[in-house]
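Here the structure comes first, spelled out in structure tokens, and everything after it is commentary.
The values are calculated or read from the model by the stated rules, or taken from the named source; none is laboratory data. Computed from a predicted structure; not experimentally measured. Don't worry about glycine lacking a Cβ; one is built from the backbone with ideal geometry, like all the others, and counts go over all protein chains shown.
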Amino acid sequence: MTQPEETLVEVLNVDFLLHRQIFPSYIHEGRPTKRVFKPRGVDNGLLSTHKTTSRAMKESCRIYREILNRPSGGVAPLTVGEVNSVSLKVFEDPTHSEKPEAVEFEKDHCVVDFRGLEVTGIDAKAIKLLDLAITRGPFIL
């Protein structure tokens, strides 16, 4: 659950790696699309990610799929610094899990803030983030 705007704490460590889960429908012909980095209407302009310093992408994907029972076609990696480079901020947004195996994972939940952008701005930034993630690679699909 996202906290009220005034209580969000910005992630300032530009080296933190963010893992963005990829909805299976966001993969076209074996490649992630810009939709991976585009918040959905229900997200209220906040794109979910999980920060890590050591968790492997395969482990993030496994927790998301097997423990949290959520659909994932894979993981796209970006650093906080790469997100900042396209004039977006990352905020802490820890969530609570009833599943002991997911407690640490959910504490690392963060959001990329797209609020205040028009649709064309969101699309442009989603494309830039996808390009950065493709350059950074590898994706776990």
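Within the option set Arg35, Arg31, Arg40, Arg20, being in contact with a Pro (Cβ under 9 Å, 6 or more places away or on another chain) and of a type in the set (Lys, Arg) holds for one residue only, Arg20. If you take the residues of segment 101-141 that are part of a helix (DSSP H, G or I), of a type in the set (Asp, Glu) and under 15 Å from the mean Cα position of the chain (by Cα), which of them is nearest to Arg35 (Cα to Cα)? Filtering segment 101-141 for residues that are part of a helix (DSSP H, G or I), of a type in the set (Asp, Glu) and under 15 Å from the mean Cα position of the chain (by Cα), the one nearest to Arg35 (Cα to Cα) comes out as Asp131. Pairing residues of segment 73-95 that are of a type in the set (Gly, Ala, Ser) with residues that are part of a loop (DSSP other than H, G, I, E, B) and modelled with pLDDT of 95 or more, at Cβ distances under 6 Å and at least 6 apart in sequence or on separate chains, gives Gly81/Val14. Being β-branched (Val, Ile, Thr) and either under 15 Å from the mean Cα position of the chain (by Cα) or within 14 Å of Asp93 (Cα to Cα) (or both) is the filter here; which residues of segment 4-41 pass it? Those that are β-branched (Val, Ile, Thr) and either under 15 Å from the mean Cα position of the chain (by Cα) or within 14 Å of Asp93 (Cα to Cα) (or both): Thr7, Val9, Val11, Val14, Ile22, Thr33, Val36. Only one entry of Val90, Val119, Val103 meets the criterion of being among the β-branched types (Val, Ile, Thr) and buried (at least 16 other Cβ atoms within 10 Å of the Cβ), and that entry is Val90.
Looking only at segment 83-96, decide whether some residue is modelled with pLDDT under 90 and more than 15 Å from the chain's Cα centre (by Cα).
yes
Scanning segment 44-73 for residues that are under 15 Å from the mean Cα position of the chain (by Cα) and farther than 18 Å from Asp108 by Cβ yields a count of 4.
Restricting Glu92, Glu101 to those that are in contact with a Leu (Cβ under 8 Å, 6 or more places away or on another chain) and charged (D, E, K, R) reduces the list to Glu92.
Look through Arg40, Arg35, Arg65 and report the one residue that is free of Cβ contacts under 8 Å to residues at least 40 places away in the same chain and under 24 Å from Ile127 (Cβ atoms).
Details: Arg35 fails: free of Cβ contacts under 8 Å to residues at least 40 places away in the same chain; Arg65 fails: under 24 Å from Ile127 (Cβ atoms).
Unique residue meeting the criteria: Arg40.
Checked against (1) under 17 Å from Leu17 (Cα atoms); (2) surrounded by 13 or more Cβ atoms within 10 Å (Cβ to Cβ); (3) of a type outside the set (A, V, I, L, M); (4) modelled with pLDDT under 95, Lys58 passes all but condition (2). Residues that are surrounded by fewer than 15 Cβ atoms within 10 Å (Cβ to Cβ) and not acidic (Asp, Glu) within segment 122-139 comprise Ala124, Ile134, Thr135, Arg136, Gly137, Pro138, listed in sequence order. For segment 50-61, the condition holds for at least one residue, the condition being that it is of a type in the set (Val, Ile, Thr), closer than 24 Å to Thr7 by Cβ and assigned to a strand (DSSP E or B).
Screening Lys125, Lys99 for residues that are out of contact with any helix residue (DSSP H, G or I) (no Cβ under 7 Å at 6 or more places or on another chain) and among the charged types (D, E, K, R) leaves exactly one candidate, Lys125.
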